[in-house]
Amino acid sequence: MDFTTFKIDIIETTGLAKDALHIYVGVGVYLLCLLVLRPLTKSQGIRSFMALIVVTGIALLGEYLDNRDTIDTLGMAGLNRTQVVASIRDLINTCLLSYVLFALNKWTTIFHPTNKPQSMTKRQKKADY
């Protein structure tokens, strides 16, 4: 089974539009990478950046697989304007929300805790009073 057949099967099975699937894949890969990298890297900033690199790599790989027939026979110059525009749109759909989540985490306090966590022993002492 080639990549195009695989994508068409997923589109038919889920009933979602191709653009929506790109968004779901991008966010899903980003969040999955954050979870998988959590035990490996304690720094949230490094973990988020590594997840962003993985999402971008997956998006680029997907676009290569979409256009592999043309690239293998004619090279990159063989891609017509329609294929290039569709690939750029797919890259944006796949990566944009992950980049927005990364930026919100890095430059705002939306995802930061509002209270400093207390140790369990301090919580227990307060509950006893």
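Values in this text are rule-based calculations from the coordinates and carry no lab data. Just so we're clear, the structure is a prediction, and the values are computed from it rather than from any experiment. Cβ: placed from backbone, ideal geometry, glycine included. Neighbour counts: every protein chain shown.
3J(HN,Hα) along segment 83-96, derived from phi through the Karplus expression 6.51 cos²θ - 1.76 cosθ + 1.60 where θ = phi - 60°, amounts to 5, 5, 5, 5, 5, 5, 4, 5, 4, 5, 4, 6, 9, 4 Hz, with x in place of Gly and Pro.
Between residue 53 and residue 121, how high is the FRET efficiency from 1/(1 + (r/R0)^6) when r is the Cβ-Cβ distance and R₀ = 30 Å? Nearest 0.05. Computed FRET efficiency for residue 53 and residue 121: 0.15.
Each 10 Å bin, from zero up to the one with the longest distance, holds this percent of the alpha carbon pairs of segment 33-129: 13, 28, 23, 18, 9, 5, 3, 1. Between 0 and 90 degrees, the angle of helix 44-66 with respect to the longest Cα principal axis of the chain falls at about 20 degrees. Using a cut-off of 12 Å between beta-carbons, work out the net charge of the residues near residue 65 (Lys and Arg +1, Asp and Glu -1, residue 65 not included). Local charge sum for residue 65: -4.
Once both labels are positioned 7 Å from their Cα atoms along Cα-to-Cβ, the gap between residue 77 and residue 17 label points is 3.6 nm. When the helices in the chain are scored as -39500 (n - 2.57) per DSSP H run of 4 or longer and the sum is shared across all residues, what 222 nm value do you end up with, to the nearest 500 deg cm²/dmol? Taken over the chain, the calculation gives -25500 deg cm²/dmol.
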